[in-house]
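Written out below as structure tokens is the structure these notes cover.
We did not get these values from a lab; they are worked out from the coordinates using the rules stated. Computed from a prediction, not measured in an experiment: that's the story for all the values here. Please note: Cβ atoms are built from the backbone with ideal geometry, for glycine as well, and neighbour counts cover all protein chains shown.
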Amino acid sequence: MKPIRLFAWLVLVTLVTAACGSGTANTTVTSSTSTTTTSSTSTTSTIPPSTSTTPPPVTQDVEVFFATGDGSNCAEVTGFTRSVAADLDPLTTALDLLVLGPSAEEISSGAGSFFSAETDGAIRHVRTSEDELVVDFRDVRVALSNASTSCGSESLLAQLNGTVFQFDSIERVRYELEGSCDQFFNWLQRECVEYTRLGPEPADLSTNERALGSGCTPDGDVLGDGRWFGFVVEAEEAGVGFDLACWFGGSAAADAAAEDGEESPPPNDYYIRNVNDQLRSIDVWESAFVTWLPTADPADTRTSPYAEWLAEWPARSYRPGIWIEIENGVIVHIDEQYVP
């Protein structure tokens with residue numbers, strides 16, 4: 001009986017050992033398969049990045065500042081938000097909207113202004129140089145007659161400064177009328193100044209820079225777009241030979257005359273300085289017109305196509321100075337200047 005029991009015990013040990021060996025092999029394979037499968041699954045399930053882009057905005061917001069309040073503070077203004085096309089220059093657009101005046105909705109919200117549809121397009125040029133801005137107005141003195149009062153001018157300037165200084169890039173601004181800071185502020189019964197974010201400062205301008213129109217000391221030989229004073233020396237179908245001069249008015253006229261050793265203030269409140277005899281050839285637009293004086297009597301003023309004026313020009317004994325308006329490099333309008 002003992003040999004049989006020994007044999008049975010040996011068989012049992014063998015079976016247990018085999019079972020343990022088989023289990024170890026299965027665990028190792030399962031672990032390896034699990035790792036490989038996880039790695040493979042992670043790689044094949046990666047989502048590619050999106051290629052879609054956000055479309056650019058079609059509008060932008062600017063603020064236009066109008067007078068508000070009960071009138072006790074002449075400089076009180078409030079900004080009113082306008083949405084404009086995103087491709088427009090925000091600064092010039094805001095100024096163009098300002099001179100168009102408040103909308104009916106803004107008026108109902110308390111906005112007021114001297115600007116209205118009557119002054120639409122009142123700005124001739126907007127020029128920037130680094131952080132300085134120059135805003136040049138057409139002659140809007142008739143349409144904005146009430147702006148020349150003490151309170152009216154304060155309100156006008158507050159609306160302009162509020163609209164301009166919303167733009168962080170602007171640190172200084174000068175306002176002009178027909179190219180002249182003196183003329184703008186003479187109209188408002190003030191002295192020519194430039195505005196910073198801290199308030200007004202005296203404008204550091206030479207006498208020639210105070211000439212009316214676009215000035216009389218341009219950079220280079222070519223006159224840019226603008227309004228220039230001078231004399232016609234030659235005239236033909238294609239264009240004119242133009243002698244640029246300086247036309248001064250008001251305090252600038254007195255200062256220029258004094259500098260030149262002439263009577264100051266000059267008679268009739270204007271002074272002409274012409275010390276440069278350079279002749280500039282300027283093309284005339286085919287549809288240009290001329291406002292001219294056949295005689296020295298301003299009551300005889302005429303407006304004619306350039307060709308008609310040209311036909312009369314050679315035989316004329318009275319040839320006053322002229323203002324030329326240049327757009328896109330050509331003369332579009334000639335306006336003869338009456339002097340007493």
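How large is ³J(HN,Hα), in whole Hz, for each residue of the stretch 195-210 in order, when computed from phi with the Karplus curve 6.51 cos²θ - 1.76 cosθ + 1.60 and θ = phi - 60°, using x for Gly and Pro?
Each residue's phi maps through the Karplus curve to give 9, 10, 5, 9, x, x, 9, x, 6, 8, 10, 6, 4, 4, 5, 8 Hz.
For the stretch 59-204, what relative contact order do you get, as a whole percent, if you take Cα pairs closer than 8 Å and at least 6 residues apart? Present the calculation step by step, with values, prior to reporting the outcome.
Details: 264 pairs, mean separation 31.2, N = 146.
Taking the mean separation of contacting Cα pairs over the length of the stretch 59-204, I get 21 percent.
If neighbour count is taken as other Cβ atoms inside 10 Å, put Leu310, Leu97 in order from fewest to most. Intermediate values should be presented prior to the final figure.
Working: Leu310 16, Leu97 20.
The most exposed by this proxy come first: Leu310, Leu97.
Regarding the stretch 226-336, what whole-number volume in Å³ per residue does the convex hull of its Cα atoms give? Could you put the intermediate results ahead of the total?
Details: hull volume 12.4 nm³, N = 111.
Considering the Cα atoms of the stretch 226-336, their hull volume per residue is 112 Å³.
What order, most packed first, do the peptides 327-340, 233-246 have when packing is the mean number of other Cβ atoms within 10 Å of each residue?
On the way: 327-340: 15.3, 233-246: 16.9.
Result, highest mean Cβ count within 10 Å first: 233-246, 327-340.
Which distance in Å, rounded to a whole number, links the C-alpha centroids of the stretch 232-297 and the stretch 325-340?
With the stretch 232-297 and the stretch 325-340 each reduced to a Cα centre, they are spaced 10 Å.
Using Cα centres only, tell me the gap between the stretch 143-213 and the stretch 77-116 in whole Å.
Centre-to-centre (Cα) distance: 19 Å.
So for the pair Ala315, Asn274, with labels modelled 7 Å out along Cα→Cβ, what separation do we get in nm?
Placing both labels 7 Å beyond Cα along the Cβ direction yields 2.4 nm.
So for each of 210-219, 280-289 I average, over its residues, the number of other beta carbons within 10 Å; can you give me the resulting order with the highest mean first? Numbers along the way, then the final one.
On the way: 210-219: 20.5, 280-289: 15.5.
Averaged packing, sorted descending, gives the order 210-219, 280-289.
Quick one: Kirkwood hydrodynamic radius for the stretch 171-228, alpha-carbon pairs, angstrom, one decimal? Before the final figure, lay out each step's value.
Details: mean 1/r = 0.0822 Å⁻¹.
Radius from the Kirkwood sum: 12.2 Å.
Normalising by the residue count of the stretch 239-336, find the relative contact order in percent from Cα pairs under 8 Å and 6+ residues apart.
Values: 154 pairs, mean separation 25.0, N = 98.
Here the relative contact order equals 25 percent.
Please compute the length gained on full extension between Glu263 and Cys151, using 0.36 nm multiplied by the number of residues separating them and subtracting their Cα-Cα distance.
The span from Glu263 to Cys151 would gain 36.8 nm if fully extended.
Under a point-charge model restricted to the Cβ atoms of Lys and Arg (+1) and Asp and Glu (-1), what is the dipole moment magnitude of the stretch 226-336 relative to its Cα centre, in debye to the nearest 20?
Values: 6 positive and 21 negative charges, 12 e Å.
So the magnitude is around 60 debye.
Could you please report the charge total around Gly79, scoring K, R as +1 and D, E as -1 over all other residues with beta-carbon less than 11 angstrom from its beta-carbon? Mind showing how you got there, number by number?
Numbers: positive: Arg82; negative: Asp61, Glu63, Glu106.
Once all neighbours under 11 Å are counted, the net charge is -2.
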